[in-house]
Structure formats: structure tokens, C-alpha cells
Amino acid sequence: MRIALVFASLVVLGGSIGIVLAARDDGVVSLGAPPAVTNSQIANALPGQPSFEVWFSQGESLAPVARTHPPTLGVATAAINALLKGPTRAERRSGVTTAVPSGTRLLDISITKGVATVDLTSEYQSGGGSLSMQMRLGQVVYTMTQFPTVQAVRFQLDGAPVNVFSGEGIVLDHPVGRSDYKDLAPSSPSVTGTWRELPPAPIPAPDLRLSVWTGKEMIVFGRVDRLGSAGEILGSTNVAAAYDPAANTWRRLASPLSASGYSGNWDAAWTGKEMLVWGDVNQAFDPGTNRWRRLPAAPAGRGGIVVWTGRELIEWGGGCCGDVSSDGAAYSPSTNSWRKIALPPVGGQQAPVGAWTGKELVIFPGQDPEGKAVGGSAYNPATNTWRRIASLPTSPAGAYAVWDGREVLVAGGTQANGLSPAGLAYDPATNHSRRLPPSSGRASAAAVWTGRRLLVWGGQTFPGATVTARHGLTYDPIGNRWSSLPESAFPARVDPTAVWTGRELIVWGGSTTSCLRNAPCHTRLHADGAAFRPTAP
């Protein structure tokens, strides 16, 4: 299913100017309780993730920094050795230090039933001071517990279990976790604000959902299916409505054009005058006249990703059922015509992840229908040319991408084993990327860029496949930190659609699934919504 402002591809053109999106409904596999693993097995739990966090100190708090490392089966060993090596010179100049004494060496790491036993040399307890001792213990605990297979740490020194640590008399006769050092945790800049529920929409709850922000209204577009007794689709109708947050009112819009059969990929874009919809019927809506018009047929592409450049709608890739396209086309509203764009130097993807940067459409590495890797590339419509981008990790299923004015932020989604990998930030000017700090990865969520931070709401949280997230997340690129949004009374759901108005995050629609014992699961579609206004955008 393709939903506005959700996973598979999402492009925000900055502030409240325009939003384009597309998404697939990808489930998340529950991992259950962590199994007993060896140090080498952690690498298998983090496929394609050659970076991790190392926790040092800054003032009287713990401070994470990113480290990269070639792929290794001993990623836990690599992380602790990076910790023992200490901060870089540049990090020390910024106030990052370490409480771990120089000369401390790692002897062994083993992991059983979620508990990592870390064996260090006796230099680790040299020196004095209660804060220093607590800080060095917290550094190891936070560094180890970033891995999903580790919940707590047990310490050894020179091969012997530690019951009382150092002359400070710190009792360590049991495994310790992050909660034992919560007083040392860094204070994330929290986002405060208020939620309010929207009045009921004048349209039925749709299956497929898209939305755009016009500068005054949120226009929602969706498909309502008519189902048979066995759940088969007998027919479908497209519906649309507009919500005005200033008046807190909805109005039902003229019925969009509809077509029978498989809907394929859906996307939407706001041109400044019209809402362009790529779907079962390519069409445009003018809110001033309340009229829809059919767009001419595109000469290529399947709408795998769609972006608005300010002059053209560009669509590329896409496909279904083992079929995939590697070509694309660009539509100009001023001439009401399409042009076929150049072929890229890489193969096609069914659900590409990418974003418009103001100059290029960046497509991140993915997979073809046979699971083979497809490299990343970037398209410049001014020259009608493509370029290969730097070697990057393959985008996970259901990832979302947004342009923040300097970097393309890619996060969320799940890999084949159900894990949510760390996100990345790609700088097209330097053709380099960096790892984002770990978050509680989401699948099938809504995401918007506010002009200052990324807001994510709803979806399924890692690693649960049946638990939806009521709280949202925010990522601040300047502080390089994730934090939580205030919890909403608005019922949790997956695949909502969302827009940023310049003042508020508005989320609408979505679905929830309930499964009873010895009975089939039931999915409920929703036509309600809510708005979150942060205290500071």
C-alpha cells in the first residue's frame, strides 16, 4: 500500500512549501526474547552496519560519539576497543573526555541470555573518585547495550568476577544496565507541545492515502474499496477532502477520477496551484475550482518514486510482482506534457528510497526483484544526466528519506530479519555520508520535515510486529540527537498520512490490526486525525 508521507520514499521540499511521498506497508518481525549469543553473533544482528556508538563523558554526563569500522564478526570487541582508545583530539577540544584509565585493555567478551560479561585488565579500577568510577562503568554499559542482544553487563577484572569495584565500594555482584546509570544519561533536548483531535472527516476511511499541504488546507486523497464476502475487492472509488486548521473544519471535495484494477504505486505533490496525483489515474486537482482533470499518459516509469522540483513532477522506477522499471519521465504543468528522462547507470527498484535536494533526485541503493543489489544514483533534470553516488548501505524496506537543506536523512524501515538499522545522512555536495545515532526504528510511520527537525509519528516500533507506537520521535540534525514527542491520546496506528503546515504536524487516517486467539486478524481503517503544535518548531 502507498501512503502519503510514509515509507519507501518521502520528499519534503522544505518548510511548508510542498510534500511528496510514497510508502509500502511492510511488517516488522518480532524477535522475542534475546537468545544466548556469542560476541561474533552480534555482527549478524546488525547486517550492513559498520558503525556504532561509543560512550564517553562530557561534564557530569555520558556522551555518545559515532565510530565506523570495517564489517567484522567481533563488533562488540571493536566497540569496546574504540572506547578504550579514547576520544579523538577534536572531540577532546569540544569537551568530550573519558573516565577509563589509560592502559586499560579488553581481555574477553561473552554474551549469554542478554547479559554481556566484559573482562578488562585491573587498570580499569585505578584512580579514585565516586563520579569517575560510576562514569567509567556507565561508559561500558551504554556502549554494550546499544546492541539489541545486550540488556545488561557483568564485569570481570583479569578474569575474576567483580563483586565490589574499587576502593569506592561500588557493589557489582549483579548485572547492571542503563537504568543503573540513568543519572549520568545525557539530557536530550525534549520537544514540548500540545495535541488536539481533528473533527470527523466527511469521507469514509480510505485504504490507500495521500496528502499535501497547500499553504491553507491539508488535502487528503484516498481509495475506498468495496469488498466481497471473502474479502476480495469488487470495486473501488477515490475520495478526497480538505481540512482547514485555521477554521478547524473539513469540506468534501469533488470526486476524483477512478479506475478499476490494480492501483500500483501512489504518490502526490503540490505544485503551488494543483495537487498532482500519480495513481490508478494520473490526475490533478485545483482547490480554487474544485475540479479534477486527467493528466496525459506518461511515456515511461511506474511511479516508484515521485518528486516535485518546483517546475516538474519527476517519476522513476517502480514495478510489481517481479517486474521492475529503470526508466522515468517528467511532467510539466505549464505545457501539460511529459518528457522521457535519461536512463540511469544502475538498475531499477520496485520501491526506491530517495529525495529531491533542490538540484537532484537522489536514489539510494536498493534491491531488484531478485534481491540483487542495485547501486545509488542522482538525477539532474537541468542537464538530463545521472551520476553514481558513493557506496552506501542498502536502504531497508520501508525507509523514509527527507532533505534538510544540507543532507538527505534516511531512517526507519526494517531488514529481512526484522531489525531496524541505524539511519544515515548523505551530503550530495561532498558525496559522503555519516551514520545517525540509533533510534527506536519505525515501520509504516508518518514523517515530516519542519525546517528544523524531523518529526516521526505512529507506525510499528522495533522490534514488535503487533505493537503500534503512540508516541512520536524527533531528530535534530544540529544536535545529532533523537528524542521523544509528547504522547498523544490519539489512538496509535500504522500508515497514517501527514503534513507540516509551518506550525503544526497534522496526521490523519491509518489502520490498526487486532488478532484474537483462534480467529483471523482484522484490520480497521480510520478516518480521524490529530494535530501536534510544538512549543518551538
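The values are calculated or read from the model by the stated rules, or taken from the named source; none is laboratory data. Treat the numbers as computed from the prediction; the structure is a model and nothing was measured. Please note: Cβ atoms are built from the backbone with ideal geometry, for glycine as well, and neighbour counts cover all protein chains shown. The area values use the complete protein model at the heavy-atom level, side chains included, leaving out ligands, DNA and RNA. Shrake-Rupley method; radii C 1.70, N 1.55, O 1.52, S 1.80 Å.
Summary table below
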{"quantity": "Residue-level accessible surface for HIS174, protein heavy atoms, 1.4 Å, Å²", "calculated": "80 Å²"}
{"quantity": "Carbon and sulfur %, accessible surface of the range 236-292 computed with the full protein complex present, 1.4 Å", "calculated": "45 percent"}
{"quantity": "Cα shape, the range 99-256, gyration tensor, a/c 1.5 rule", "calculated": "prolate"}
{"quantity": "In sequence order, calculated HN-Hα J values of the range 90-103 (Karplus, 6.51, -1.76, 1.60; Hz; x Gly/Pro)", "calculated": "5, 5, 5, 5, 8, x, 7, 10, 9, 8, 6, x, 4, x"}
{"quantity": "Mean-position separation - Cα centroids, the range 323-392 and the range 163-212, in angstrom", "calculated": "36 Å"}
{"quantity": "Formal net charge of residues neighbouring LEU424 (Cβ-Cβ distance under 15 Å; K, R +1; D, E -1)", "calculated": "0"}
{"quantity": "Principal axis box of the range 313-428, alpha-carbon based, largest edge first, Å", "calculated": "46, 35, 22"}
{"quantity": "Rounded, prolate or oblate (a/c below 1.5 giving rounded, otherwise prolate when a/b exceeds b/c) for the range 211-336 by Cα gyration tensor", "calculated": "oblate"}
{"quantity": "Around LEU157: net Lys/Arg minus Asp/Glu count, Cβ-Cβ under 10 Å", "calculated": "-3"}
{"quantity": "Assigned charges on the beta-carbon of Lys, Arg, Asp, Glu; the range 168-241 dipole about Cα centre (debye)", "calculated": "500 debye"}
{"quantity": "5 Å binning of all Cα-Cα separations within the range 309-361, expressed as whole percents from 0 upward", "calculated": "5, 18, 25, 25, 18, 8, 2, 0"}
{"quantity": "In Hz, Karplus ³J(HN,Hα) per residue of the range 492-502 (6.51, -1.76, 1.60; θ = phi - 60°; x = Gly, Pro)", "calculated": "5, 6, 10, 6, x, 9, 8, 9, 10, 8, x"}
{"quantity": "Cα gyration tensor, the range 359-419 - rounded (a/c under 1.5), prolate or oblate", "calculated": "oblate"}
{"quantity": "Accessible surface of GLU407 - all protein chains present, 1.4 Å probe, nearest 10 Å²", "calculated": "10 Å²"}
{"quantity": "Rounded accessible area per residue of the range 100-188, 1.4 Å, Å²", "calculated": "43 Å²"}
{"quantity": "Translational diffusion of the range 66-147, µm² s⁻¹ [Kirkwood Rh, Cα pairs; Stokes-Einstein; 4 °C; 1.567 mPa s]", "calculated": "95 µm²/s"}
